[in-house]
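Encoded as structure tokens, the structure appears first; notes follow it.
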Amino acid sequence: MPSVSDLHSIGELARASGLTVSALRFYDSAGVLQPALVDPVTGYRWYTDEQITPARLVAGLRRIGVPVPEIAAAVRAEPAVVHRMLDAHLRRLADGLTDARREAARLRALVDPAQPATTTLLLSPADLAAALDAVRFAVGVDPELPMLSGVLLDVEPDGVRLVATDRYRLALARAGADVDGPPVRVFVPVALVDRLRPLLDAADAPPVWLSVAGADLRVRVAEATVTGTALPYDFPDYRRLLRKAVGDRPAARRIPVDVATLRAALADPAAPTVARDHDGTTRAVTVLGVDDEGGLRLLPAADLASDTLRVGVDGGYLLDALTAAGAPQLVLELDGPIAPLAVRRPDDADTYSVLMPIRL
């Protein structure tokens with residue numbers, strides 16, 4: 001145990017780190033940064049030289065708004081883990097700034113509704129077509145859930161994110177764009193999406209011009225113009241759904257798959273499935289697991305007990321996701337039987353889908 005003469009008082013550590021004395025007391029009580037020695041008589045806290053750098057790390061993380069549990073983990077983590085945590089936090093901040101800009105635009109329209117702001121985008125037809133193809137399969141068809149019956153266009157300063165979900169699957173894609181106007185979020189009816197999509201296949205099509213003014217939508221592709229009205233529903237907060245589904249932590253296993261091989265295996269009438277009751281009916285559930293070499297395999301009922309890293313999904317939904325991804329090689333992320341299955345493109349972090357698991 002070092003002597004007090006070799007230690008720093010709480011005031012000295014405060015000056016060296018940029019934290020206040022009260023903040024150091026708080027992080028001590030929270031178990032984030034505990035002193036090396038506490039005088040049993042006076043209660044004074046004393047710190048070592050080695051605690052100055054962690055204290056500075058805490059101060060910096062606090063300045064950028066990192067939550068206390070993540071600060072506590074960062075103090076004890078390897079540098080690579082801290083880098084990943086910082087990347088995830090910066091993504092949250094960027095998402096929050098985009099949301100704030102969008103809300104500010106809504107507030108401007110609220111106080112001056114006579115003239116809605118107009119946002120226009122110029123997009124590559126090929127990029128927009130690929131993004132629509134990547135999410136169209138997940139559009140909801142339940143007439144009792146009209147708030148899921150379209151594609152969300154979440155316009156950002158340098159592009160647009162497309163999102164669709166039917167509660168059982170969630171698909172996302174992104175297309176870069178030249179954007180003029182405030183960020184806006186518009187819920188496009190699937191009928192308009194289906195009218196637009198064939199126009200994007202022309203080999204000589206110029207950039208797509210898309211305009212959003214309030215609920216009015218106008219899209220021009222070459223000589224053709226498609227118009228429509230945005231759906232008057234609040235699309236679910238897909239960022240919250242994503243955090244709940246996959247979060248920021250890495251999956252337990254990322255398995256590269258050849259799409260043609262997996263499609264053939266799923267379509268094979270002899271492919272193993274597991275019967276499970278759902279809403280009074282029996283469903284054939286496809287169960288994905290990992291083989292001895294770390295590859296993907298379809299599990300029969302007899303192997304469920306011996307494979308803990310498994311997830312049950314609707315085989316048809318998985319086939320749809322494989323087709324929509326539009327790539328010969330994909331990565332499936334397995335995280336266990338109650339975690340969603342993520343289907344990702346290895347060359348595009350913005351295009352992926354998430355399938356809800358079926359309880360086994």
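Annotations
- Conditions (1) in a strand (DSSP E or B); (2) crowded, with 21+ Cβ neighbours inside 10 Å; number of the one not met by Glu333: (2)
- Enumeration of residues in region 36-64 that are more than 21 Å from Pro79 (Cα to Cα) and either among the aromatic types (Phe, Trp, Tyr) or within 38 Å of the chain's Cα centre (by Cα) (or both): Tyr44, Trp46, Tyr47
- Answer residue from region 148-175, given it is of a type in the set (Gly, Ala, Ser) and more than 12 Å from the chain's Cα centre (by Cα) and is nearest to Asp95 (Cα to Cα) among those: Gly159
- Condition met for Ala349 (buried (at least 18 other Cβ atoms within 10 Å of the Cβ), under 27 Å from Asp95 (Cβ atoms) and small (Gly, Ala, Ser)): no
- Some residue of region 293-316 being without any contact (Cβ under 8 Å) to a residue 12 or more places away in the chain, assigned to a loop (DSSP other than H, G, I, E, B) and either crowded, with 19+ Cβ neighbours inside 10 Å or among the charged types (D, E, K, R) (or both): yes
- Just one of the numbered conditions (1) more than 20 Å from Asp180 (Cβ to Cβ); (2) surrounded by fewer than 17 Cβ atoms within 10 Å (Cβ to Cβ) is not true of Ala100: (1).
- Inter-residue pairs, beta-carbon under 6 Å, first surrounded by 13 or more Cβ atoms within 10 Å (Cβ to Cβ) and in region 252-266, second of a type in the set (Asp, Glu), 6+ apart: Ala252/Asp335; Arg254/Glu333
- Residue list for region 328-354, filter: farther than 19 Å from Val135 by Cβ, hydrophobic (A, V, I, L, M, F, W, C) and in contact with a strand residue (DSSP E or B) (Cβ under 8 Å, 6 or more places away or on another chain): Leu334, Ala339
- Qualifying residue in region 74-87 (condition: in contact with a helix residue (DSSP H, G or I) (Cβ under 7 Å, 6 or more places away or on another chain), among the small types (Gly, Ala, Ser) and under 30 Å from Gln34 (Cβ atoms)): yes
Since every read-out is calculated from the coordinates, none of them should be taken as a lab result. Keep in mind that this is a model prediction, so the values were computed, not measured. Because the Cβ atoms are built from the backbone with ideal geometry, glycine has one as well, and the counts that use them run over all protein chains shown.
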